[in-house]
1. With respect to LEU41, determine if the residue is more than 23 Å from LEU138 (Cα to Cα) and within 17 Å of the chain's Cα centre (by Cα).
2. Could you list, in sequence order, all residues of region 91-138 that are more than 15 Å from LEU61 (Cβ to Cβ) and among the hydroxyl-bearing types (Ser, Thr, Tyr)?
3. Return the residue satisfying two criteria in turn: it lies in region 118-166 and is open to solvent by 100 Å² or more (accessible area, probe 1.4 Å) and outside any helix (DSSP H, G or I), and of such residues it is nearest to GLU43 (Cα to Cα).
4. Determine which single condition ARG35 fails, assuming it passes every other condition in (1) in contact with a Leu (Cβ under 9 Å, 6 or more places away or on another chain); (2) open to solvent by 80 Å² or more (accessible area, probe 1.4 Å).
5. Pairs only if they're at least six apart or on different chains, beta carbon under 7 angstrom, first in region 136-149 and on the phi < 0 side of the Ramachandran plot, second open to solvent by 100 Å² or more (accessible area, probe 1.4 Å); list them, first residue then second.
6. Is it the case that SER164 is of a type in the set (Ser, Thr, Tyr), modelled with pLDDT of 95 or more and out of contact with any helix residue (DSSP H, G or I) (no Cβ under 9 Å at 6 or more places or on another chain)?
7. Within region 2-24, restricting attention to residues that are more than 20 Å from ARG35 (Cα to Cα) and of a type in the set (Lys, Arg), which residue is most open to solvent (accessible area, probe 1.4 Å)?
8. Scan region 61-110 for residues that are of a type in the set (A, V, I, L, M), exposed (fewer than 15 other Cβ atoms within 10 Å of the Cβ) and either outside any loop (DSSP other than H, G, I, E, B) or not assigned by the TED database to the domain that holds VAL127 (or both) and jot them down.
Amino acid sequence: MSDAVDEIRAQWGRERPDLDTWPMGIVGRISRLSRLLDRELKEFFAGYGLEFWEFDVLATLRRAGGTNGLTAGDLNKAAMVTSGAITNRIDRLASKGLVERVPDPQDRRSIRVRLTDQGRTMVDEIVGPHVENEARLLASLGSEERTQLEATLRSVLESLGDKSLE
């Protein structure tokens, strides 16, 4: 069985047989998979009236636990976007009543972002179906394949400098 990436590599093989295109096989498939997953997740979250990035911020706040929320900097690390982008995201979620800005109890100069009751309820309603949807998207993988793929992807991410959220 072949896919679009195999066709691309075959074309390069005809036109430039001197190139070893093995990296294209991996990077091309990861890129194509990313686009397909983005499309599926966009459609899933649209069913809840959200963008994927909105759920990502809400879920980051929810899994952080507690009632103090996180700083914009903490959210920025998790989202891997610019500080301006995270401010815009917080503003948009606050306008929907899903998050609120509150003074930091340990540092009055700092502001924290936390879920509102509405935001917490929304995350709790969506996270179960979201995990089920992701399982559906990966249903073609057996248990051993999932474990191997997860380890391989972790290794590549670490080699490229992806760090824990701490």
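The values are calculated or read from the model by the stated rules, or taken from the named source; none is laboratory data. Just so you know, these numbers come straight off a predicted model, no measurement behind them. Cβ atoms come from the backbone with ideal geometry, glycine included; neighbour counts cover every protein chain shown. Keep in mind that these areas ignore ligands, DNA and RNA; they rest on the heavy atoms of the full protein, side chains included. Shrake-Rupley method; radii C 1.70, N 1.55, O 1.52, S 1.80 Å.
1. Here the answer is no, as LEU41 does not meet what is asked.
2. Within region 91-138, SER95, SER110 qualify.
3. Applying the filter and picking the extreme gives SER140.
4. Condition (1) is where ARG35 drops out.
5. LEU138/ARG146
6. So SER164 fails the test.
7. Within region 2-24, the match that is most open to solvent (accessible area, probe 1.4 Å) is ARG14.
8. Scanning region 61-110 gives ALA85, VAL102.
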